[in-house]
Structures are given as C-alpha cells and as structure tokens.
Amino acid sequence: MALINAFGAIALDATLKDGTQVTGLSAATLAALESITVQNFPATQAVTGTVSVTPNRGSTSALTSVAMTTASASLTALDTARRRAVLFNDAASASMVLVAFAATASAAAYTVALPVGSSYVVEDYTGAVSGICAAGTATIKVTVIT
C-alpha cells in the first residue's frame with residue numbers, strides 16, 4: 001500500500017515475487033526501480049460515510065509588478081491565506097527569470113525557469129517565492145489570490 005506521510009513523502013509496502021515483505025520504501029528508492037507493477041487494485045474505490053469537498057477558491061487578488069535583475073528579489077512573501085499566485089514574465093527582451101519556492105533564488109537553486117511571455121501558477125504552496133534574471137532585466141507581473 002502506498003501512503004503519503006506528513007512530509008509529503010511516499011512510503012510503500014510491497015511483497016516481492018519471492019514472497020519477501022518490504023516496508024517503507026522511500027521515494028528515492030522507488031525512483032531507482034526500473035518498474036513497479038500494481039496488482040489487485042480495483043479501478044474504483046468504495047466510499048462509506050459522508051465526503052465533503054471544499055473548493056480552493058479565492059475571493060480577492062493583489063496585483064504587483066516586480067523589477068527583476070541578476071540579484072534575487074522577492075515575488076511574494078509567506079502568506080498562509082494565499083490560494084495561488086500567478087507569475088507572468090513581462091520582459092521586453094529575452095530575459096529568462098528563475099523562480100524559487102524559497103526566500104532567495106539563484107542560478108544554481110531555483111524551482112522553475114520562466115521564459116519571456118510565459119506564466120506559472122503557484123498552487124498548494126504558501127511560502128516565500130523569489131526570482132532572479134538569468135541575465136539582463138525583466139518585469140514579473142504577480143497576482144496573489146487569497
């Protein structure tokens with residue numbers, strides 16, 4: 001059975017072909033495997049009781065423009081009320097912006113590269129987001145939805 005623990009990591013218990021029981025395989029171990037076959041897993045899962053679904057909608061937004069250079073800049077601070085943030089690289093030239101889900105971005109440490117004219121939606125993350133130009137300057141349009 002695969003489980004996601006409190007840290008978002010996958011833990012897997014398995015039975016090997018020879019009958020050996022293996023428990024707690026980490027995501028790193030799973031990534032090293034050539035293949036995984038799941039057997040006897042129904043296409044549908046029965047649900048008993050009541051299931052409530054709450055959409056992750058926001059009702060307000062804040063729009064800002066952030067001037068970017070080759071020095072790291074904050075795009076949005078930690079905000080536990082944030083539902084999502086939309087980042088748009090509005091640079092006039094071919095300036096790639098490197099975005100990090102962290103307080104500081106660098107050419108060596110970033111989450112996503114944002115080419116000119118492209119956008120990226122940050123969902124399910126409420127921590128600090130920063131950016132840095134790979135070269136030159138750019139403007140990032142940031143919309144934070146709460």
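Just so you know, all these numbers are worked out from the coordinates, no wet-lab data involved. Just so it is clear, the structure is predicted and the values come from calculations on it, not from any experiment. For neighbour counting, all protein chains shown are included, and Cβ atoms are generated from backbone atoms with ideal geometry for every residue, glycine included.
Each of A128 and F101 was given a label point 7 Å from its Cα along the Cα-to-Cβ line. The distance between the two points is 1.6 nm. The amide H of S118, built 1.01 Å from its N in the peptide plane, has N89 as neighbours under 5 Å, considering only residues 5 or more places off or on other chains.
Listed values for region 119-133 are Karplus-derived 3J(HN,Hα) couplings in whole Hz (6.51 cos²θ - 1.76 cosθ + 1.60, θ = phi - 60°), namely 10, 9, 9, 8, 10, 6, 9, 10, x, 5, 10, 10, x, 8, 7, and x replaces Gly and Pro.
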